[in-house]
C-alpha cells in the first residue's frame, strides 16, 4: 500500500472510529472497529463462501455449466477484481499464488488418499480435485496478507527466521507423511507454542496499539476456518470420509487448520519480512496486558 493510500485509510478509520466513540463506550467502539477491519481483511474468503452457498441454492444438475466450473470462473473474477480495484497488491498476489499451489498439491494428495472428496462432476477437475478449490486456500493467503496491511501488524519478539520456516516445512510434510509414518502432530503443536509463546501480534485499531499472543490468534483463526469448513460440507461442495449429510466437521479439523496456519504464516513471511520486527507503541498503550518491567517495544 502506498503512503497516500495508507493515509487515506487511516483518515477513514479514524473518522469512523470518532463517530462510533461518540455514540458507544470506548471498549465497545474499539471492538466494533476490530470486527469491521477483520471483515474487510477476509473479504476474499467471505465472497468465496457466499459463492458456495448461492451456487448450491440455485444450481441444477442439467445445466450445461458444472457448478465447480462456475465456481472457478467466479473465483478468477474475484481475483481479477481485487487486483483491478487495488484491493490487493501484486506483492500480495505472489503470496496468494504460493498458497494456491501448495494448497492444490495437498488437495490432490488428500483426495486420492480418501480423506475427503468432491462429489460433483466438472470439466476443470484434476485427479478428482476441481481447480476452484485452490482458491479456498488462496482466500486464507489473501486474508493473511490483507490483515497484516489493514491492521499495520508487526510480530515481535520474533524467533529465528530459519526455525519458523523449518517448522512450516515440517508441518506441511506431516500432512502427507502421516499416511505412511507415525503422526507427529502433537510434537508439532508443542513446537508452535515453544517457538512462538513470546511472540506478540501488534496491531492498530483506531490509532491505538494492541497486542495478542500469536498462538492465541492462530487458535481463534482456526475456529473460524472450522466454521467455513462446515459451510463447505453443508453445501455439499466437499465431503469428509464417513461424514453424514447433517454431521458437523470434526473438531479435529480445527487442529489441522491451527497447524496449517503456521505454514501459511511462514509462506507470508517469505514476502513480508519487514513485519517481523518490534513495532513502536504510539498514543495509548496496548490495553490487553501491561508491559513486563524493564521492557519497552523497539521501533522496527
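The values are calculated or read from the model by the stated rules, or taken from the named source; none is laboratory data. None of the values given here were measured: they were computed from a predicted structure. All Cβ positions, glycine included, derive from the backbone under ideal geometry; neighbour counts span all protein chains shown.
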*Which members of region 134-154 meet the condition of being touching a strand residue (DSSP E or B) at 6+ places or on another chain (Cβ under 6 Å) and within 19 Å of residue 192 (Cβ to Cβ)?*
153
*Spot the failing condition for residue 206; the list is (1) more than 30 Å from residue 121 (Cα to Cα); (2) loosely packed, with under 13 Cβ neighbours inside 10 Å, and only one is missed.*
(2)
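Would you pick out the residues in region 183-213 that are part of a loop (DSSP other than H, G, I, E, B) and either more than 16 Å from residue 258 (Cα to Cα) or in contact (Cβ under 8 Å) with a residue 40 or more places away in the chain (or both)?
Taking region 183-213 first, the residues part of a loop (DSSP other than H, G, I, E, B) are 183-184, 197-199, 206-207.
198, 199, 206, 207, listed by residue number.
Could you please let me know if residue 49 is closer than 30 Å to residue 201 by Cα and either modelled with pLDDT of 85 or more or touching a helix residue (DSSP H, G or I) at 6+ places or on another chain (Cβ under 7 Å) (or both)? Spell out the reasoning first.
Values: closer than 30 Å to residue 201 by Cα: yes; either modelled with pLDDT of 85 or more or touching a helix residue (DSSP H, G or I) at 6+ places or on another chain (Cβ under 7 Å) (or both): yes.
Judged against the criteria, residue 49 is a match.
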*Hey, any hits in region 149-168 for a residue that's over 30 Å from residue 37 (Cα atoms), in a helix (DSSP H, G or I) and touching a residue at least 12 places away in the same chain (Cβ under 8 Å)?*
yes
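Of these, 219, 181, which one is closer than 28 Å to residue 50 by Cβ and at pLDDT 90 or above? Even if it seems obvious, please write down each step before you answer.
Working: 181 fails: closer than 28 Å to residue 50 by Cβ.
Criteria check complete, one pass: 219.
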*Out of the residues in region 61-98 that are assigned to a loop (DSSP other than H, G, I, E, B) and touching a residue at least 24 places away in the same chain (Cβ under 8 Å), which is farthest from residue 143 (Cα to Cα)?*
66
_Among the residues of region 274-286, are any touching a strand residue (DSSP E or B) at 6+ places or on another chain (Cβ under 6 Å), exposed (fewer than 14 other Cβ atoms within 10 Å of the Cβ) and either part of a loop (DSSP other than H, G, I, E, B) or at pLDDT 85 or above (or both)?_
yes
*Test each condition in (1) within 15 Å of the chain's Cα centre (by Cα); (2) closer than 16 Å to residue 115 by Cα; (3) modelled with pLDDT under 90 for residue 255 and report the one that comes out false.*
(3)
*Filter region 62-80 down to the residues that are touching a helix residue (DSSP H, G or I) at 6+ places or on another chain (Cβ under 9 Å) and surrounded by fewer than 13 Cβ atoms within 10 Å (Cβ to Cβ), then identify the one that is farthest from residue 125 (Cα to Cα).*
63
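Hey, among the residues in region 99-130 that are out of contact with any strand residue (DSSP E or B) (no Cβ under 9 Å at 6 or more places or on another chain) and touching a residue at least 60 places away in the same chain (Cβ under 8 Å), which one's nearest to residue 236 (Cα to Cα)?
Start the filter on region 99-130 by keeping residues that are out of contact with any strand residue (DSSP E or B) (no Cβ under 9 Å at 6 or more places or on another chain), which leaves 99-103, 105-106, 109, 113-114, 121, 123, 125-127, 129-130.
Add one more test, that the residue is touching a residue at least 60 places away in the same chain (Cβ under 8 Å), and what stays is 99, 102, 106, 109, 113-114, 130.
Working: 99: 23, 102: 23, 106: 20, 109: 20, 113: 19, 114: 16, 130: 13 Å.
Among those that are out of contact with any strand residue (DSSP E or B) (no Cβ under 9 Å at 6 or more places or on another chain) and touching a residue at least 60 places away in the same chain (Cβ under 8 Å), it is 130.
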_Can you find a residue that is in contact (Cβ under 8 Å) with a residue 40 or more places away in the chain, assigned to a loop (DSSP other than H, G, I, E, B) and surrounded by fewer than 19 Cβ atoms within 10 Å (Cβ to Cβ) anywhere in region 171-182?_
yes
*Residue check: is residue 88 buried (at least 19 other Cβ atoms within 10 Å of the Cβ) and touching a strand residue (DSSP E or B) at 6+ places or on another chain (Cβ under 8 Å)?*
no
